[in-house]
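> Okay, here's the structure, questions in a sec.
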Amino acid sequence: MFKIRKSKDEEPTAPGQVRIKKKSRVPGVMITQYVEEVPEGMTTPDFTRKPIALTIQEGKLAIFRAVVIGKPTPTVTWVRNEGEMDERYKTVFDSSGEHQLQLPDVSVDQADTYKCFAVNEYGKAIVTATLNVIEAVREMPEDFKKALKTVVDIEPKGEENPKLDEKFWELLMSADKKDYENICAQYGITDFRWMLKKLNEMKTEKEQEQGRVVERLCNLKPIELNSSGGAEFEFEDPTTKIFLYKDGIMIPFDADAEIKHGLKQVGKKFVFNGFNPEDAGLYQVEVDGIKIFTSDFKLPPIEFLVKIQDVKAEEREDAVFECLISQPLKKITWKGKNTPLEQGDKYDILVSEDMLIHTLVVKDCMTLDKGIYAAEAGLVSCSAWLVVEADSDPNSKGKKKARKTTRAGGGGADLLRIAQEQNNKIQKQKDELIAKAKAEAEAAAAAAPKEKAKTKAKVKAEAKGKVKSEVGEVYFTSGLSDVAAIIGTDAELVCRLSKITATDDICIVKDRTSRKLIIKNCKEDDAGKYRCEADGRKTEAVLHVEDPPRINPDDLAVFIKPVIIKAGKEAAFKVSFVGREPMKIQWYNEGEEMLEDSQIKIEKSSSHSRLLLTKCQRKITGEIKIKIKNECGTTEAITQFVVLDKPTTPLGPVDIIESSSTCIDFKWRPPKDNGGSPITDYILERQQIGRNSWKKLGKIGPEPKYRDTDVDHGRKYCYHIRAETDQDITYPGPPSTPKIVSAFKDCINLAWSAPTNTGGTNLLGYNVEKRKNGSNLWGLVNHPDEPIREKKYAVKDVVEGIEYEFRVSAINISGAGEPSSPSEFVFARDPKMRPQFTDKKIKNFMVMRAGNSARVNFNFQASPIPTIKWLKDGLPVAKHVTVSNSDTSSQLIIPSSERQDTGIYTIIVKNLVGQETSSVEIRITDDPKPPGPVELDENVSGTVTVSWTPSPDEKKDDRLHYVITKRDSTKRTWQTVADHLFNNKFTAINIIPGRQYQFRVYAKNDMGISKPTESATWEVKRTKGSFEMPPSFSVPLKMHNSPESYECYMSCAVTGNPRPHVTWYRNNISLNTNTNYYITNTCGVCSMVILKVGAKDSGDYTVTADNHLGRVECSTKLVVKGKMSNASLRYISYFLLLWLYML
C-alpha cells in the first residue's frame, strides 16, 4: 500500500537531523540529505528514470514510471498536488525495478501535478510530473470567438512588465504553488499579482490549443508493434507536424534516411523502424507542439533458454557462440570486451529463420581476441570466455600461419531441438489467438442482418492506391505470402480470388480459381502491405522492394577475363554497378583486403570503382575480387591476374648421376616459380676450382639435366644454373669492378659505377656478393628482396682478420644481370693509427664536494687497441679508484671522494704506433668553516682596521679567501666592502664619526661560502674644535714582493692640518698622472693599486706629503718575481716524476 497525503504536507525533521540540499545527475530531481556524512557503502535516494509529463485523452490509461536507486533501498510514495488519491490510483512495482503509478480510465478531475518521493534513512529525493487530460471532443461554433467579450487590462502608467525567459514560465507551469516564491526570487520578479494573472492566461491558452488540435484529429490509436518489428500510427490530417518522444527525449525524424526510429510517412500513416528490447519505454506523440497521447511499448519478457558457453579455439580458427531466446527477435546485442560488435570482416552475426537462435562467429581467431563475450537481449544477458591457444609448433615460429577451416564451439543438435520445441510452443499460442479472433468474427457475422450480407470483393494495394471489384460469393482457398523484389523487376502476389479489375501499372492475371497480382517494374514506393478482401474475408502480405548491389553485365564480362602483364607494368580493373547507398566497396587479392599505398590506388563512387596497380610484382599474381555490400545484400566479382616475371633459381640439391674422367652427368629440379611462362632453356656457366674466371656453356634446352664431356681428369668444377623463359626479358650488363674505399675490423666500404647496358629499363638496384680468400662460394650480402639503391655499400657482415673479395650485379625489372669482376682482396681489420683524443673540449680542472663521486671520461681513437694507464700525481691510482676501459673510451670514478683524493690525474693511452697523454686536476673540498673572532682597531682617523682569526680550513685549501661586509646605523643593509682577501686584515675607510658600524667576515672557496663571523659595534665619537699640525705618516709604507701578473696594493696613513698634498714617485718619477696606477687619498689613507704587475714595475716607491707647515716622505721597494703557484710547483714535480717513470 502507499501512503495518501497532501503534497503540501511537509515531512517533519527528526531531532538531530540536518537538511542538506544535493544536486542530482537527472535534471528536475531534488535531493535532501538527512545526515552530515553518509556512511561508506550507503547512498541517498536518487532517480535514474524520472516520471515525465503526460497529455492523454479522457478515458485512456495514464501511467507514470520511475526507477530509483539508493542504499538501503528507498521507499517510494506518490502524492498529488491538489486533492486526495483514492482507490482509482494503483501503484505497481515490477521485477525490473520500475515503480508505476497507474490511472485507469483517466478523468478530467485527475489532471494535476503529481510528486514521487523516494526516502531512506539518509535522505529523500523528490520529482514532479504534470498530467493533462483532454476532454472528449465537442463541436465548437465557428463564431465562438466573436461572441467573446473583449477585456482590456489597463496597467498603471509608468510601469512596464519585464520580458522573461520562456524557461521561467515552464518552471512555473510544472511547479507547486509553494515553490512560486523561490522561483520568482531567482528571476527577480516582485509583482506576484501580475505573475499569477499571466500564468493563468498561459494555462488557459495551452488548454485551448490542445482542444483545437484534438478537433482536427480522429482515430486516435495507441502505437502498436507489428510482426515485422516495426510500429505505426495514423492521422486523418497527414500535413500535421508530428514529433515522437521516448521517455521525454525526442526521436530523430528523417523521412529520407533510414535512421533508427526515424519516422517515415506513407499516406496517412506514420511508420518508424524496427524495435529492439532496449527500446521498451513510454512513447509520446506531439502535434504542433502539443503532446496529444502516449503509448506504452513493452516487449514480452525474454529469457535465455540456452546461454552461450565458453569456447576454446586454436589460433587462426573460427570460434562460434550460440544462444537460444524465448521470444523471436530480429537482433540482439553482442559485445566483446564490453565493446558492441557489428557484422563485418571480423565477426559474423547470424539469426535463424524463427529468430530464436542467435549466433556470433569470431573469424580467424588470434591471441588478441581472447576475453569475455556477452549476448544482451533487453534487460537479460549472458557471457562466456573465449580462450585462444597459440600454435606451439616451433617450426612455424615467426611465419604467417595458414587460415584454418575448422570451427570451435556452437550449440549442436540439442540447441536445434530446444529451438524447435520453443517455436512450436510460440506457434501454438499464435494459433490460439487466431482461433479466438476468428470465433469472435464469426459470431459478429452471424448476428449481422441478412440484408447487409451482399458479397463484395476488393483488392487493396495500400502502397499504390486501392483496386476494387465487386463479386458474389467469393472465398479464399490460399492467402497471400510476403514477397521480396529487387528494384526494376516485377513482383507477383498470388491468392485465390474471383475477378478484379486491372490498371496500367498493376496487372491482375486470372487462372481458374487463382488470382495473381503483378506489379511491373517495382519502385521503392511500391513497398508496403497488400490486402485482398472478399465477402468479409481478407488475406494480407507485405511486399519488400530491395535494391542490392548489381554489377553492369557488360563490365562484368570484361572484368572476369584474365589480365596478364609483365612485371613492373601497371594494371587497372574497373566495375560499374547500381544499388542503394551507402555501399561498402572492398578489393581483395588472394582473400586479403587491399588497402591504398604507394602502389595501390582505389577509386570509389556511388556508381563505379576502379583499382589501379602500379609497378606490379610477381607476388601479387592470383585472384582479384571486388566485394560490394549494402543493407540489401552483397555481390562479388572475381578475375585472375597474372604478372609475368623471370623464373626463380632452379632448386637443389644437384644430384650427380655420373662423375668420371671423361664426363660429369648431373640433374636438378625446376624452379619453384617459372615466372608465369614455361621454361624454354637452362643457361649454364662453369668454373674450374682454383681459377677466377667463368666459362659460358650456353643454352642446354628445357630439361633440368646436363652431361659435361669437356672435362679434365682430376679437376674439380663449379656450375651456375639459370632458367630462361620465352618472355622478352633483357638483363643489365655488369657494373664496374668494385673499389675498396676503406676497411675496418667490422666494416668494409665499397663503391662502383653503373653498367653501360641497363637492359632498356631503369635499374632497380644492385646485389653485392662476397667470398673469402680460398673459398669458391659467393654469398649475397644484402637481402634478396632489398636491393641496394646507391652505388656504394658498407659491408658489415665480416669477421676480423679474414681476407675478402667482392663483386656487384645490377638489377632491373627482368632480374639480376651478370656480376662484375671481383675486387681486390682486402683484410677486415682497422688501419694502424696513433692514439688521439676525440673530445672537443677536455676538462683540466674539476671541483667536487667531499663525499660525492667524481667521474672523469676520455674518448679516443687508436688502432690497434691501445693499453690504458691512470696515474695520480705521477703514481698509480689508489685501490678505491675504479677505472673502466673500452676500445674507444676510458672512465675514472672515485666512488666516495675525500680531501686526500685531491691531485692531478693523468691518462696514458699507448699502442704500437705511439702514445697520448692528458691530465686533469681534481680538487676535493667542502663548505668552508667560518673564521674566528673579529677585532676592530683605529690606526688612522676616519678608518678602522678589521682583523680576524683564520678559518680552520685555510691550511687545507690554498684557494680559500675571505669576504667582508659592512653595515652602518643609517642604512641598515649589509654591503660588500672587500672580496678575494687572502690575508687576515683589512682597513675600512670613510668611517664617519657619530655613526655605528658592524662588520662580518666570511670564508669562501670553490664549493661555497661559510657562515659569517660578526664583529662588535664600532662608533667614533664626534669631537669639537680644530688645530693646525704639520704632516706626518702614522702608518708608513711596507716592503712588497709580488708575483708577476698579480695585483699589488700599497697604502699608508698621513695626518696633518690643513690636509697635506700627497704625491707618489717611482724611481723619483711622479706617478700621479700615470694612468697605469690607480691612486686614491681618502680621509688620510693614501693607496695605490698596480692592476697587473710586470718586471718594469720593480723599483723604489716614495710618497711625499706637504702643507704650509712642513713636508715629509716615506719610501719602500717593490720586488717582482716570476709567476709561481702551488699548482705550478705541483705540475713541475709531477712532470719530473713522469719523465723519470718513462725512462
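> Label points 7 Å out from Cα along the Cβ direction at residue 588 and residue 1119: separation in nm?
It works out to 10.6 nm between the two label points.
> Okay, moving on. Between segment 419-441 and segment 708-775, how far is it from one alpha carbon centroid to the other, in angstrom?
Distance between centres, Cα-based: 85 Å.
> If Lys and Arg each add +1 and Asp and Glu each add -1, what is the summed charge of the other residues whose beta carbon sits under 15 Å from the beta carbon of residue 859?
+1
> Need one value: the accessible area of residue 580 in square angstrom, 1.4 angstrom probe, rounded to the nearest 10.
50
> Give me the one-decimal nm value for the distance between modelled label points at residue 799 and residue 348, 7 Å along each residue's Cα-to-Cβ direction.
Here the modelled spin labels are 5.5 nm apart.
> Which Cα, out of 974, 947, 906, lies furthest along the positive dipole direction of segment 899-1044 (beta carbon charges, K/R +1, D/E -1)?
Result: 974, furthest along the dipole toward the positive end.
> Listed here are the pairs 337/629; 696/792; 843/910; which of them are more than 22 Å apart at the Cα?
With Cα atoms farther than 22 Å apart: 337/629; 696/792.
> When only Cα pairs under 8 Å and 6 or more residues apart are kept, what is the percent relative contact order across segment 54-111?
50
> Distance check, please: which entries in 646/695; 615/791; 985/1121; 739/832; 615/695; 331/627 exceed 29 angstrom between their Cα atoms?
615/695
> In whole angstrom, how far apart do the alpha carbon centroids of segment 622-643 and segment 1002-1073 sit?
105
> Multiplying the sequence separation of residue 912 and residue 425 by 0.36 nm and subtracting their Cα-Cα distance, what value in nm do you get?
Working: separation 487, 0.36 × 487 = 175.32 nm, distance 10.02 nm.
In short, 165.3 nm is gained.
> Something else: Compute the distance in nm between two label points, each set 7 Å from the Cα along the Cα-to-Cβ direction, one at residue 392 and one at residue 1040.
Label-label distance for residue 392 and residue 1040, simple model: 9.4 nm.
> How large is ³J(HN,Hα) for each residue in segment 307-321, as worked out from phi by the Karplus curve 6.51 cos²θ - 1.76 cosθ + 1.60 (θ = phi - 60°), to whole Hz, x for Gly and Pro?
8, 5, 10, 4, 10, 10, 10, 8, 4, 6, 10, 7, 10, 10, 10
> Quick check on my link table: of 50/124; 363/404; 705/772, which ones sit more than 20 Å apart, alpha carbon to alpha carbon?
Violating the 20 Å limit, Cα to Cα: 705/772.
> In terms of modelled amide H atoms, which long-range or inter-chain residues lie less than 5 Å from the amide H of residue 820?
Here the answer is 808, 809, since their amide H atoms fall under 5 Å of that of residue 820.
> Counting only residues 5 or more places away or on other chains, whose amide H sits under 5 Å from the amide H of residue 733 once H atoms are built in the peptide plane?
So residue 733 has HN proximity to 757, 758, 759.
> How high is the relative contact order of segment 912-1030, in percent, with contacts defined as C-alpha pairs under 8 Å that are six or more residues apart?
Worked out over segment 912-1030, it gives 30 percent.
> Here's another thing I want to ask about it. Based on the alpha-carbon gyration tensor of segment 622-757 and its eigenvalue square roots a ≥ b ≥ c, which shape applies: rounded if a/c is under 1.5, prolate if not and a/b is larger than b/c, or oblate?
Numbers: a/c = 2.85, a/b = 1.55, b/c = 1.84.
In terms of gyration-tensor shape, oblate.
> Still on this model: Determine the sum of side-chain charges near residue 426: Lys and Arg each +1, Asp and Glu each -1, restricted to other residues whose C-beta is under 14 angstrom from that of residue 426.
-3
> Per-residue counts of other Cβ atoms within 10 Å, averaged by peptide: what ranking do you get for 938-951, 651-664, 1099-1112, highest first?
By packing density, highest mean first, the sequence is 938-951, 1099-1112, 651-664.
> Now for a separate question. Excluding residue 319 itself, calculate the net charge of residues whose Cβ lies under 13 Å from the Cβ of residue 319, where each Lys or Arg counts +1 and each Asp or Glu counts -1.
Here the charged neighbours net out to -3.
> So what is the accessible area of segment 681-784 per residue, in Å², with the probe set to 1.4 Å?
Value for segment 681-784: 57 Å² per residue.
The values are calculated or read from the model by the stated rules, or taken from the named source; none is laboratory data. All figures in this text were calculated on a predicted structure; none of them were measured in a lab. Positions of Cβ are backbone-derived with ideal geometry, glycine not excepted, and every protein chain shown enters the neighbour counts. For the accessible areas, the whole protein counts, side chains as well, though only heavy atoms, and no ligand, DNA or RNA atoms are used. Shrake-Rupley method; radii C 1.70, N 1.55, O 1.52, S 1.80 Å.
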